[in-house]
Amino acid sequence: MTLTAGIDVGTGAVKVVVFRLEDGKEEWLSRSTLRIRQRDPMQLSREAFDQALEDAGVKESDLDYVATTGEGESIPFNTGHFYSMTSHARGARFLNPKTVAILDCGALHGRAMITDDKGKVTNYKMTSQCASGSGQFLENIARYLGIAQDEIGTLSMQADDPEEVSSICAVLAETDVINMVSRGITSPNILKGIHLSMANRLARLLKSIGVRNDLIMMTGGLALDEGLCEAMREQLAKMKGVDAEIVNNPDSIYAGAIGAALWGAFRFEKLAATGQLLKAS
């Protein structure tokens, strides 16, 4: 039996999971997430980690491997670190084994990845950090419109005449939104327009890395934004040569942490097989 934890430190939140692997079975024991909100990510990582351990009913000394990903390389109690794309790919395939491509939509950027049947990333592309296609941008717009984040997707799907944001610069795009409000455009139409603009860029990323007739799993903080998911389906349907299905999962935000935990278990078991046992301190 192998006990492993995965910690994904993102720009907006810290996610932690605990897994038990035994006889080829991967059992998810617990999960924990904390929004960063100008707090110390390292301190939050410790708090979320302790909470996940408590929920799993295990002690830190019981763990065979503590794997980090994202911005978690500096966490002092980790055993090893894994690249974010590698972790998201593995986590996405855990959530849906049919996954071929991954669309990771986070607070600062979007990343499109394609994998082989072992979950190894074979190609990828990402948006620039200044692009108006990020979770932070949507959060800023929602705040300006006086809308809670969890209302964005629902309102977007109520749009009847969306107007797309033309600029790829977040600052200029926010100016576009201010102008839309002054012209009387409704919040649902503004939000759907933003979603369509984001989806257009993300769909082009997916096509550029070779996605054609594949299952795409959305991961990251925006994965559960149903308005964005619907916009992605609309934009992909318009693309010639692409007949892909895009899905999400209620646990999509944990994909990075899941992948880190599973890769950590793989590394531990490989080292154990050669007599190089590691134990988290």
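Every condition in (1) more than 25 Å from PHE137 (Cα to Cα); (2) surrounded by 22 or more Cβ atoms within 10 Å (Cβ to Cβ) is met by GLY80 except one, and the failing one is (2). I'm trying to understand the selection: among the residues of segment 84-113, which are in a helix (DSSP H, G or I) and of a type in the set (A, V, I, L, M, F, W, C)? Hits for segment 84-113 are MET85, ALA89, ALA92, PHE94, LEU95.
If you go through segment 231-256 and keep only what is open to solvent by 30 Å² or more (accessible area, probe 1.4 Å), part of a helix (DSSP H, G or I) and over 25 Å from ARG90 (Cα atoms), you end up with GLU234, ALA237, LYS238. Of the numbered criteria (1) at pLDDT 90 or above; (2) in a helix (DSSP H, G or I); (3) in contact with a strand residue (DSSP E or B) (Cβ under 9 Å, 6 or more places away or on another chain), the one MET198 fails is (1). Go through (1) open to solvent by 30 Å² or more (accessible area, probe 1.4 Å); (2) more than 22 Å from MET113 (Cβ to Cβ); (3) assigned to a helix (DSSP H, G or I) for GLY275 and report which single condition fails. Exception for GLY275: condition (3).
Looking across segment 110-121 at every residue that is of a type outside the set (A, V, I, L, M, F, W, C) and either modelled with pLDDT of 95 or more or under 18 Å from ILE246 (Cβ atoms) (or both), the one that is farthest from the chain's Cα centre (by Cα) is identified as THR115. Taken over segment 207-248, the criterion of being basic (Lys, Arg) and either touching a residue at least 60 places away in the same chain (Cβ under 8 Å) or over 17 Å from SER156 (Cα atoms) (or both) is satisfied by LYS207, ARG212, LYS238, LYS240.
Residues checked against (1) more than 13 Å from the chain's Cα centre (by Cα); (2) of a type in the set (S, T, N, Q); (3) over 30 Å from LEU63 (Cβ atoms):
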| residue | (1), (2), (3) |
| --- | --- |
| LYS207 | yes, no, yes |
| ASP214 | yes, no, yes |
| GLU230 | yes, no, yes |
| ILE253 | no, no, no |
| GLY264 | yes, no, no |
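Mind listing whichever residues of segment 1-23 are of a type in the set (S, T, N, Q) and under 11 Å from THR68 (Cβ atoms)? Those that are of a type in the set (S, T, N, Q) and under 11 Å from THR68 (Cβ atoms): none in segment 1-23.
Apart from one condition, THR69 fits all of (1) within 17 Å of THR219 (Cα to Cα); (2) open to solvent by 10 Å² or more (accessible area, probe 1.4 Å); the exception is (2).
Selection of segment 36-47 for residues being modelled with pLDDT of 90 or more and closer than 20 Å to ASP104 by Cβ yields PRO41, SER45.
With respect to (1) open to solvent by 20 Å² or more (accessible area, probe 1.4 Å); (2) farther than 29 Å from THR122 by Cα; (3) at pLDDT 90 or above, the lone exception for THR175 is condition (3). Elements of the type strands (runs of 3 or more DSSP E) sitting completely within segment 1-55 and holding at least 1 residues that are free of Cβ contacts under 8 Å to residues at least 40 places away in the same chain, open to solvent by less than 30 Å² (accessible area, probe 1.4 Å) and not hydrophobic (A, V, I, L, M, F, W, C): these cover 25-35. Does segment 183-192 include one or more residues that are part of a loop (DSSP other than H, G, I, E, B), among the hydroxyl-bearing types (Ser, Thr, Tyr) and open to solvent by less than 40 Å² (accessible area, probe 1.4 Å)? No, there is no match, as no residue in segment 183-192 is part of a loop (DSSP other than H, G, I, E, B), among the hydroxyl-bearing types (Ser, Thr, Tyr) and open to solvent by less than 40 Å² (accessible area, probe 1.4 Å).
Give the residue, chosen from ALA265, ALA237, ALA255, that is closer than 18 Å to GLY220 by Cβ and either at pLDDT 90 or above or touching a Pro at 6+ places or on another chain (Cβ under 7 Å) (or both). Going through ALA265, ALA237, ALA255 in turn, just one is closer than 18 Å to GLY220 by Cβ and either at pLDDT 90 or above or touching a Pro at 6+ places or on another chain (Cβ under 7 Å) (or both): ALA255.
Filtered by the rule that a residue be within 29 Å of ILE36 (Cα to Cα) and either assigned to a loop (DSSP other than H, G, I, E, B) or open to solvent by 40 Å² or more (accessible area, probe 1.4 Å) (or both), segment 202-227 gives GLY220, GLY221, LEU222, ALA223, LEU224, ASP225, GLU226.
The values are calculated or read from the model by the stated rules, or taken from the named source; none is laboratory data. From a predicted model like this one, the values you see are computed outputs, not experimental measurements. Backbone-built Cβ (ideal geometry, glycine too); neighbour counts: all protein chains shown. For accessibility, only protein heavy atoms count, side chains too; no ligands or nucleic acids. Shrake-Rupley method; radii C 1.70, N 1.55, O 1.52, S 1.80 Å.
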